[in-house]
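Colleague: Below: one structure in structure tokens.
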């Protein structure tokens, strides 16, 4: 591929990533904001593909789009009736936050662009198969401990989510009964 | 002009800024979660860009991204459980209305 093709692909993926992100922030309907997240996540998956991170393209689609986005949309639809689209969707920090975030992003972009990174294209990455095999070996070899820590984190989060989301139980009637019998005796 | 490391870094800086803006200014708790997801995506993009251009033989960046995915999934699950509780207790999802304490 010529470098112009690659640049064009990068720029279109950048637009595909950033424009929906702006819409996520600015749209009034919260359900539309959830759906605008979809092209952003697809754009990031495309950027992973441009970076030759084959495994993470699939992981991004499976985990972010297939799990996290569906979870977010699920919660939005469960709670949709409280969101009045005519009510203000942004708090009063918005006048201060827009210049702050814009200047933060611009400043870090400026600093990162001026840093003398090694130029030139890196050598070709390994194929999808070899890369995934190497990653799997690393996860059960050198990096087994971080991998297990991530698993424990996920398990703890899932158990915590179940405990939090469980409907609050009414007072168990058994305690009262025990009290009554105790009083009679 | 070829696409270099700085292109990816600038893009992810912009994505991080947009995510931070969403997390700070949106009133809906789920939209705040969406902003956090955008920021996590920007961080993962940075990891993979550095991996590709600086250490293509190393495995550290990919392991970090896997942990980043795990953290994002855990954050989404826990955050939505909190959101459901918020809805049940306050009847609203606006984070500036759901204040149990004075002030």
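Colleague: Taking a ≥ b ≥ c as the square roots of the eigenvalues of the Cα gyration tensor of region A:1-83, is the shape rounded (a/c under 1.5), prolate (a/b larger than b/c) or oblate?
Modeller: In terms of gyration-tensor shape, oblate.
Colleague: Taking a spot 7 Å from the Cα of residue A:7 along the direction of its beta carbon, which residues of region A:115-140 have an amide N less than 15 Å from it?
Modeller: A:120-121
Colleague: Want the number for residue A:125 to residue A:35: 0.36 nm per residue separation, take away the alpha-carbon distance, what's left?
Modeller: Once the chain is fully extended between residue A:125 and residue A:35, it gains 29.1 nm.
Colleague: Specify the angular offset, from 0 to 90 degrees and rounded to the nearest 10, of the alpha carbon long axis of helix A:30-50 from the longest principal axis of the alpha carbons in chain A.
Modeller: 40 degrees
Colleague: What's the exposure ranking of A:25, B:10, going from fewest to most Cβ atoms within 10 Å?
Modeller: B:10, A:25
Colleague: May I pose another question? To make sure I understand, if each residue's beta carbon is the centre and we count other beta carbons within 10 Å, what order do A:36, B:51 fall in, fewest to most?
Modeller: A:36, B:51
Colleague: Further question on the same structure: Determine the distance separating the Cα centre of region A:7-31 from the Cα centre of region B:42-103; give it in Å without decimals.
Modeller: Here the two parts' Cα centres lie 19 Å apart.
Colleague: Taking chain A as a Gaussian network, Cα atoms linked when under 10 Å apart, which of A:112, A:73, A:38 shows the biggest mean-square fluctuation?
Modeller: Of the options given, A:112 has the highest mean-square fluctuation.
Colleague: Hey, another quick one. Relative contact order for chain B using alpha-carbon pairs under 8 Å, separation at least 6, rounded to a whole percent?
Modeller: RCO, chain B: 27 percent.
Colleague: I've got another one for you. I need two numbers for region A:20-65: Rg to one decimal and Dmax as a whole number, Cα atoms only, in Å.
Modeller: Just the Cα atoms of region A:20-65 yield Rg and Dmax of 11.9, 36 Å.
Colleague: Within 10 Å of each Cβ in B:85-98, how many Cβ atoms from other chains are there, averaged over the peptide?
Modeller: Mean number of neighbouring Cβ atoms from other chains: 3.
Colleague: Counting other beta carbons within 10 Å of each residue's own, what order do B:97, B:60 fall into, fewest first?
Modeller: Lowest count first: B:97, B:60.
Colleague: For chain B, take the longest principal axis of its alpha carbons; what is the angle in degrees between that and the long axis of helix B:29-53, to the nearest 10 within 0 to 90?
Modeller: Its long axis makes an angle of about 10 degrees.
Colleague: Given the rule -39500 (n - 2.57) for each run of at least 4 DSSP H residues, summed and divided by the residues of chain A, what is its mean residue ellipticity at 222 nm, to the nearest 500 deg cm²/dmol?
Modeller: The helix contribution divided over chain A gives -23000 deg cm²/dmol.
Colleague: Averaging sequence separations of C-alpha pairs under 8 Å and six or more residues apart, then dividing by the length of region A:1-83, give the relative contact order as a whole percent.
Modeller: 28 percent
Colleague: Still on this structure, I have one more. Taking only Cα atoms, what is the 0 to 90° angle, nearest 10, from helix A:128-140's long axis to the longest principal axis of chain A?
Modeller: The angle comes out near 50 degrees.
Colleague: In nm, to one decimal, how far is the residue B:99 label point from the residue A:110 one, both placed 7 Å along Cα→Cβ?
Modeller: 3.5 nm
Colleague: So, one more: Which of the three applies to chain B, rounded, prolate or oblate, going by the alpha-carbon gyration tensor with a ≥ b ≥ c and a/c under 1.5 meaning rounded?
Modeller: prolate
Colleague: In nm, to one decimal, how far is the residue A:140 label point from the residue A:117 one, both placed 7 Å along Cα→Cβ?
Modeller: Each label point is offset 7 Å from its Cα along the Cβ direction, giving 3.4 nm.
Colleague: Under the classification rounded if a/c is under 1.5, otherwise prolate if a/b is larger than b/c and oblate if not, where does the protein assembly as shown fall, given a ≥ b ≥ c as square roots of the Cα gyration tensor eigenvalues?
Modeller: oblate
Coordinate-derived values only; no laboratory data. Given the structure is predicted, the values throughout are model-derived calculations rather than measurements. Every residue, glycine as well, gets a Cβ built from its backbone with ideal geometry; the counts of neighbours run over all protein chains shown.
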